[in-house]
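Rule-based calculations on the coordinates, nothing more; no lab input. As the structure is a prediction and not an experimental result, all values here were calculated from the model. When we count neighbours, we look across all protein chains shown, and the Cβ atoms used for this are built from the backbone with ideal geometry, even at glycine.
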Amino acid sequence: MTYNNTIRLSNIVEPTFAKPHAALKQGGVNQLVLRGGRGSGKSSYASIEGILTIVGNRDTHGVVLRKVSNTLRSIVFTQYQWAVSELGLFGKFRRTVSPMELTYIPTGQKIMFFGADDHGKLKSNKPSFGYSQGYLKY
């Protein structure tokens, strides 16, 4: 698995995620349930896939959910920033914490972060163009 012929995804994520990555890339699946214990690499893999989905699909936005919002910034948001950095795209994303978003600068696509404990914020979520690509739940 390579990205832009310079970064090998196999150096970033666990080898157990090679098959799910290939299936997503080929369009064979559109939903994954990731299982594994602490330290299994689920979060790293999910954040890498989230970034790759945005970069590879110009009309797609992302929504990332965590059961409770109080640890969203310190755990999930930083995980996605790690993924952006590992993929060599740090200068291509703008980061804001209020609202908590990563914006892909070349296209204006957004990855928005929400706690699932506040349903009102999710109902009013509408990107300015394109569509939201599912939900990633932590």
Across 42/110; 67/92; 19/110; 25/67; 19/92, pairs whose alpha-carbon gap is larger than 24 Å: 67/92; 19/110; 25/67; 19/92
Cβ-defined net charge surrounding residue 62, 11 Å radius [Lys, Arg +1; Asp, Glu -1]: -1
FRET efficiency estimate (nearest 0.05) - Cβ-Cβ, residue 73 to residue 117, R0 22 angstrom: 0.95
Other-chain or far-sequence residues with amide H under 5 Å of residue 113's (modelled H): 64, 100
